[in-house]
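The values are calculated or read from the model by the stated rules, or taken from the named source; none is laboratory data. Keep in mind that this is a model prediction, so the values were computed, not measured. No Cβ is skipped: glycine too gets one built from the backbone with ideal geometry, and neighbour counts run over all protein chains shown. We work out accessible area using only protein heavy atoms, side chains counted, and drop any ligands, DNA or RNA first. Shrake-Rupley method; radii C 1.70, N 1.55, O 1.52, S 1.80 Å.
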Amino acid sequence: MMPLPLSMISRRSGVATAVIGLLLATASTAVAQAPRDFHSGIETGIGFSGVLPDAMAGVGAWRLFPGLGFGVFVDAQITPTDIRGESTYCPARVSPPNTPVCTVGAVEDDSGLALNYRHPILDGDEFLILNAGGVLPLTAEFALMLGAGMARHHAYREFTEIPTELEEFQVSPTGAYFAPFTARPEWTLQGVAGMLFRAGDHFVARFGYSTATSGLGVGLYVAF
């Protein structure tokens, strides 16, 4: 058998090197693209956490400890509005006797305030919720969250004034005002439960329940 020319050997070596390089690159890409899940690769999540419909602004984080088989989480949610910052919240009377309107009971029991100045329109709630608890991976795709926390609840009622044609607004210059049910927001213990769902290699979604608001807990986290 005649020996191969050096130029052909060189070309073949170049092709072999290119093929080996391509195979190594493909293998490296395959490893890099291997699924990351709750059993391997995903350990930390940071992102949005909220409770429908009353506490939709919040943040949350969780951390898994693969060697221990469980993890921990913390989160906080708050109602994005703040009715107490409004000028029509618990206002003083525009007209005599100029007594402050401080609670729903004070409004509804005030004998000096005519009925057509205190029509209830709607009731609202504001929350601040702080939670902590544990995370238990059930499968590669799902993890259970169970915890407890404290919830500050602020309930209020909106009233509207409907004066006669010749009358003026008596409580609020705008004809609408808000009063709380209690003078101070109430803090209570609450429970929280949820499920984490793997939504790809880098995102995790959460759905659950919060007892303080009796609402649906939701979340979306960037996973590391």
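Of all the listed residues (Ala176, Ala223, Ala199), the sole one being within 28 Å of Ile42 (Cα to Cα), in contact with a strand residue (DSSP E or B) (Cβ under 9 Å, 6 or more places away or on another chain) and open to solvent by 20 Å² or more (accessible area, probe 1.4 Å) is Ala199. Per the conditions (1) open to solvent by less than 40 Å² (accessible area, probe 1.4 Å); (2) without any contact (Cβ under 8 Å) to a residue 40 or more places away in the chain; (3) farther than 30 Å from Thr139 by Cα; (4) not aliphatic (A, V, I, L, M), the sole criterion not satisfied by Glu165 is (1). Considering region 163-204, the residues that are more than 30 Å from Val218 (Cβ to Cβ) and of a type in the set (Ser, Thr, Tyr) include one that is modelled with the highest pLDDT, namely Tyr177. Total residues in region 137-152 satisfying the condition of being crowded, with 19+ Cβ neighbours inside 10 Å and either of a type in the set (Phe, Trp, Tyr) or under 16 Å from the mean Cα position of the chain (by Cα) (or both): the figure is 4. The residues in region 62-79 that are in a loop (DSSP other than H, G, I, E, B), over 21 Å from Leu130 (Cβ atoms) and open to solvent by less than 80 Å² (accessible area, probe 1.4 Å) can be counted, and the count is 1. Mind listing whichever residues of region 112-168 are among the charged types (D, E, K, R) and either under 23 Å from Tyr209 (Cα atoms) or in a strand (DSSP E or B) (or both)? Correct list: Asp123, Asp125, Glu126, Glu141, Arg152, Arg157, Glu158.
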